[in-house]
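Heads up: the structure comes next, in structure tokens.
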Amino acid sequence: MTSDSTDPAPSAAPAGRMSANTRELGFRLTWGRTREVAIQFGLFLCAVLTTLVTLAIAAVLFVEAVAGPGGSAFFQQVSVVEFLTGTEWTPQYTEKKFGVLPLVCGTLQITVIAALIGLPLGLLSAIYLSEYAAPRTRAIIKPALEILAGIPTVVYGYFALTFITPYVIKPLLQPGAVFKISWLWNIPVDGFNALSGGIVVGLMIVPLISSLSEDVLRAVPRTLREAGYALGSTKFDVCTKIVVPSALSGIFAAFLLAVSRAIGETMAVTIASGQKPTLTLNPLMQIETMTAYIVNVMSGDAAVGTIEYKSLYAVALVLFLVTLFMNWVSQMVLERYREVYQ
Amino acid sequence: MSTVPNQTEPDHSASARQIDSRHSIGKLFEFACWASTWVSLIVLLVLLASVGYQATGWLSWRFVTSLDGVKVQEAGLLAGLVGSFWLVSITALMSVPLGVGAAIYLEEYAKPTLFTRFIRLNIANLAGVPSIVYGILGFTLFVRMFGLPKATYAVSLGFTTFSLQLPLGRSIIAGAMTLTLLSLPVVIIAAQEALRSVPASVRHASYALGASKWQTIWFQVLPAAIPGILTGVILAMSRAIGESAPIAVLGAATYIGYVPGKFKSLSEVVTQPQKLAAAPFDQFTAVPLQIYNWVNEPKQEYQYVAAAGIVVLLAVLLLLNGSAIFIRQHFQKKIRW
């Protein structure tokens, strides 16, 4: 096939008595072959580079957060238990407390709200695109959904802060104050709130879920659908009792990927949901997510080497481990799914 | 199909009613699917409309072509635009060869070993790592270089010498290297798909004519895969342009009174080319970062400025995505296997 595969057969001809003909076929170090090998090695290095990136991330986070030179790492100064169970996060104060729970709570709020909005919308659009939409409709809608995925997150943050909070959430929850009518209800809403951030993150993950789920729905063999119809099922029955259940693992993988994106989402929630770590389950209050904390400290001027600066790495480590785990599970599920249907 | 005659009558009406209700449930479900698709699209329209509405009156030629000033009326996007341009150019220069190279290795050379499988899984995982983690990586690795003491090296470039400072500091090159790591998995995955879509018969024909493996890839497979690769690269780069989290973490300047290279006018690109060599090592800002800073300003007017910046950013992205779609359509018609 290639020039590399012109292997000599040394056992056939005794060494030293090789005829001119066999020597032609033997391995010779030519410029062309050296080039082939060198190129292959270069390409291999490109592929290995990606592994190095992962290693670099792990190393950086490990050295700064877990075990650094001279006991300088974060967890050598703050105990893991205090970090994971503390309920106050006040690195900027003189009395520093490093309990990550308020940040985790903020991230969790955003993720749950985003999932409540993004998962049903995304899955239903996927079903629509794969089962109901005419090919021409799909050809228009799919790129339009991709536009939604291509909009920078800072734009979503802006939209949440300047449109969703003042023109959607406030009129709905505190019409009394907004429309100046005293007998209407008045639920306090902060200018920065988790709800608006969660809503836009939910919208952001819709295209991700719908395109991934559509792929797995379409991969369900046609014969399964036809068997359903032959038994007298309606399209609804086929969708909900045959197609979606058979694609369930793939859909689950898409959900996981989307949720992990919601967890790692940064700019939109930094802009929309605020910068105040609060341990609360009220989505109408100002919060701070793990990602927002990193941005706020980094774009401020935390001196390198201080414990406040080190705490970034601890937060980033948690973020990295959580998203990595979810992505990994999701990839495993998707791989298994591909094996089943292809 | 019942053979007992006096049982058919009530059964029929009952099952007809049941069928009716099943059909209406089906209709309702179809409507729900249809509606949720349109909800996202309508939100998209509302988003564009509200941004456009807020930007009117603030988006002007002066806004796009001048540096940021102190007053609201003097706000300008030029430094960000040039900064983003530099960032994405260098990112493309670095991530395309690396990404396509890795994709070629994985698709054409790699044997299905455990290590190959690990690399693939790792790439998929890297694509899902939050961009802010890349920001932290870039900050530690490129901006600070693990706290390496500052040193300056003179590098000769033939027509000019410039001083290379290590660690790279908050420079364009550090930002571009970070964005390269960030967009690498996306480029690799896109290039892999493009390579996979080239039929095996093309390779076999090339081998049959005596071409070596690399000749086959370079002269046959890559040219056939280029439209797909290009589309993927453009999409990855438009994502990189919109990235603000890693750039903010890298600590790009919030206010900056010059464009990278400190060019005073466009003609200086020709008259003072040494500034071009210095530009990648300058401090910078980027369009999404400027937008972020404007949004954070307490003054109401800055929101409109931010909206104007968003309109420019979306226009640039639209241009890029449009060209990607054009390339896809144009070349898809030409190549028929």
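Only the coordinates and a few stated rules stand behind these numbers; no lab work does. Every value quoted in this text rests on a predicted model; they were computed, and no experiment measured them. So basically every Cβ, Gly included, is an ideal-geometry build from the backbone, and we count neighbours across all protein chains shown.
Across chain A, where is the longest run that never hits GluC sites (Glu not before Pro) in a DSSP loop with at most 15 other C-beta atoms within 10 Å? Please list the in-between numbers first.
Numbers: sites that count: A:Glu88, A:Glu95.
Value returned for the longest uninterrupted segment is A:96-342.
Would you mind checking the tilt of helix A:194-219 against the longest principal axis of the Cα atoms of chain A, expressed as 0 to 90 degrees and rounded to 10?
Helix A:194-219 sits roughly 30 degrees off the main axis of chain A.
At 7 Å along the Cα-to-beta-carbon direction for both A:Ala58 and A:Phe179, put a label point, then send me their distance in nm to one decimal.
That separation, rounded to one decimal, is 5.8 nm.
What's the magnitude of the charge dipole for the stretch B:198-299 around its Cα centre, counting Lys and Arg as +1 and Asp and Glu as -1 at the beta-carbon? Answer in Debye, nearest 20.
Rounded to the nearest 20 debye, it is 180 debye.
May I ask for the angle, rounded to the nearest 10°, between helix B:78-104 and the longest principal axis of chain B, with both axes built from Cα atoms and the value confined to 0 to 90°?
Here the helix axis deviates by roughly 60 degrees.
Just from its helices, what would the mean residue ellipticity at 222 nm be for the protein assembly as shown, if runs of 4 or more DSSP H residues each count -39500 (n - 2.57) and the sum is divided by every residue, rounded to the nearest 500 deg cm²/dmol?
Result for the protein assembly as shown: -21000 deg cm²/dmol, rounded to the nearest 500.
Of the options A:Ala114, A:Val63, A:Pro135, report the single residue whose Cα projects farthest towards the positive end of the charge dipole of chain A (beta-carbon charges: Lys, Arg +1; Asp, Glu -1).
A:Pro135
Work out the length of the dipole vector of chain B about its Cα centre, built from +1 on the beta-carbon of each Lys and Arg and -1 on the beta-carbon of each Asp and Glu, and round it to the nearest 20 debye.
About 800 debye.
Kindly state, to the nearest 0.05, the FRET efficiency for B:Val270 paired with B:Phe331, given R0 = 35 Å and r defined as their beta-carbon distance.
Efficiency at R0 = 35 Å is approximately 0.50.
How many angstrom lie between the C-alpha centres of the stretch B:237-291 and the stretch B:30-100?
16
Considering only B:Pro97, B:Phe115, A:Tyr93, whose Cα is most displaced toward the positive end of the charge dipole of the protein assembly as shown, charges sitting on Cβ of Lys, Arg (+1) and Asp, Glu (-1)?
Result: B:Pro97, furthest along the dipole toward the positive end.
Counting only trypsin sites (Lys or Arg not before Pro) that are in a DSSP loop and have at most 11 other C-beta atoms within 10 Å, tell me the longest site-free stretch of chain A.
Within chain A, the longest run free of exposed trypsin sites (Lys or Arg not before Pro) spans A:181-342.
If I model a spin label at B:Val39 and B:Glu301 as a point 7 Å from the Cα along the Cα→Cβ vector, what separation in nanometres do I get?
For the pair B:Val39/B:Glu301, the computed spacing is 4.0 nm.
Name the residue farthest towards the positive end of the dipole of the stretch B:195-337 from the options B:Gln274, B:Ile241, B:Pro199, assuming +1 on Cβ of Lys and Arg, -1 on Cβ of Asp and Glu, about the Cα centre.
Final value for the positive-end residue is B:Pro199.
How far apart, in nm, are the 7 Å Cα→Cβ label points at A:Asn282 and A:Ala139?
5.3
Could you tell me how many degrees, from 0 to 90 and to the nearest 10, lie between the Cα long axis of helix B:287-296 and the main elongation axis, the longest principal axis, of the Cα atoms of chain B?
Between helix and principal axis, roughly 90 degrees.
Cβ under 13 Å from A:Gly118's Cβ, A:Gly118 left aside: what net charge do those residues give with Lys, Arg +1 and Asp, Glu -1?
0
For a protection proxy built on the mean count of beta-carbon atoms within 10 angstrom, sort B:269-280, A:266-277, B:72-83 highest first, please.
A:266-277, B:72-83, B:269-280
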